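Structure in structure tokens, see below.
The values are calculated or read from the model by the stated rules, or taken from the named source; none is laboratory data. Here the structure is a predicted model, which means the values were calculated and not measured. Here the Cβ positions follow ideal geometry from the backbone for every residue, glycine too, while neighbour counts run over all protein chains shown.
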């Protein structure tokens with residue numbers, strides 16, 4: 001009889017565990033290459049969400065992806081719930097401009113912005129590249145298709161009146177591959193729209209003598225003046241080996257986006273997990289150290305806020 005009761009108890013416990021698991025709702029966040037800050041953003045958000053799974057039954061994963069445009073497209077297709085994207089591609093997707101002309105994503109919704117992302121050019125010291133104009137005729141990694149890195153490079157080339165054909169070679173390596181390619185002398189320079197400090201740039205500068213390259217001039221000034229999602233940006237000196245001077249360029253914001261089709265309570269829970277643990281979040285990567293709640297809910301967000309995010313911000317008194 002005791003054995004029967006024990007077996008019954010085991011069955012009840014197993015059934016309860018199955019029911020609890022069945023109640024869990026899984027969400028997926030699109031990120032970027034594993035050496036980039038987008039990957040850390042997604043992993044950090046999931047870490048905070050998953051700390052509270054027992055309370056809200058939401059479980060989060062954040063796989064590596066192709067980056068901004070790939071994430072937006074996956075959200076639009078319903079393959080991902082949320083993702084990280086450059087502020088310019090959030091703008092273009094929602095407004096149906098640039099790459100999204102004729103393919104407007106009306107249901108794209110902003111959640112919050114994260115760190116600034118300077119457009120970064122790093123060249124081998126022995127390649128004879130001292131400014132962006134010297135990239136002509138060189139071997140350059142322009143970034144993988146579908147990434148914000150590649151799309152922003154195309155914007156820069158168009159502004160300068162250049163094309164991919166102006167390079168001796170235009171490789172399309174993933175961010176995780178480009179540092180090794182620079183170190184192995186397979187490319188002369190790499191470009192990356194990314195927050196700093198960045199693992200890929202650290203790897204490259206510690207592997208081979210290399211220099212960050214300024215990107216300035218009237219064409220870049222015009223890009224900044226004509227597009228509200230761009231701003232002047234600087235990379236502090238001393239952050240990377242061999243680069244003691246400040247580097248001047250332009251940049252965007254990393255933003256966290258979703259779809260209007262994603263449940264309000266799901267987005268609310270994710271936002272709450274981040275901002276109820278804000279100091280913990282800021283400690284998860286150096287690029288997050290100077291973030292403020294006020295800037296994250298106001299800057300870089302060109303699509304409407306998702307109602308789930310709005311609900312939390314109103315509760316905190318951050319918006320009316």
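State whether one or more residues within the range 232-247 are free of Cβ contacts under 8 Å to residues at least 24 places away in the same chain, touching a helix residue (DSSP H, G or I) at 6+ places or on another chain (Cβ under 7 Å) and outside the structural domain of residue 301 (by TED's automatic domain parsing).
yes
Quick one: would you say residue 68 is in contact with a helix residue (DSSP H, G or I) (Cβ under 6 Å, 6 or more places away or on another chain) and within 16 Å of residue 33 (Cα to Cα)?
Taking the combined requirement at face value, the residue satisfies it.
Mind listing just one residue for me: the one in the range 158-183 that is under 17 Å from the mean Cα position of the chain (by Cα) and assigned to a helix (DSSP H, G or I) and, of those, nearest to residue 221 (Cα to Cα)?
Residue satisfying both the conditions and the ranking: 175.
Only one of these is touching a residue at least 60 places away in the same chain (Cβ under 8 Å), farther than 30 Å from residue 121 by Cα and surrounded by fewer than 18 Cβ atoms within 10 Å (Cβ to Cβ): 309, 260. Name it.
Within the list 309, 260, the selection yields 260.
Check residue 47 against each of (1) in a helix (DSSP H, G or I); (2) modelled with pLDDT under 95 and name the one condition it does not meet.
The number of the failed condition is (2).
Still on this structure, please answer the following. Within the bounds of the range 156-164, is there any residue that is within 17 Å of residue 212 (Cβ to Cβ) and outside the structural domain of residue 85 (by TED's automatic domain parsing)?
yes
Residues of the range 137-157 being under 23 Å from residue 183 (Cβ atoms) and over 14 Å from the mean Cα position of the chain (by Cα), which ones?
137, 138, 139, 140, 141, 142, 143, 144, 153
Scan the range 184-209 for residues that are surrounded by fewer than 23 Cβ atoms within 10 Å (Cβ to Cβ) and in a strand (DSSP E or B) and jot them down.
none
Sticking with this structure for a sec: With the checklist (1) assigned by TED's automatic domain parsing to the domain that holds residue 104; (2) at pLDDT 95 or above; (3) crowded, with 17+ Cβ neighbours inside 10 Å in hand, flag the one item residue 276 doesn't pass.
Only one criterion is unmet by residue 276, namely (3).
Quick check on my filter: what residues within the range 268-300 are closer than 21 Å to residue 108 by Cα and more than 18 Å from the chain's Cα centre (by Cα)?
Listed by number, the residues that qualify are 268, 269, 272.
Here are 64, 16: which of them is modelled with pLDDT of 95 or more and out of contact with any strand residue (DSSP E or B) (no Cβ under 8 Å at 6 or more places or on another chain)?
The match here is 64.
Would you tally the residues in the range 203-232 being within 21 Å of the chain's Cα centre (by Cα) and farther than 20 Å from residue 140 by Cβ?
Qualifying residue count for the region: 7.
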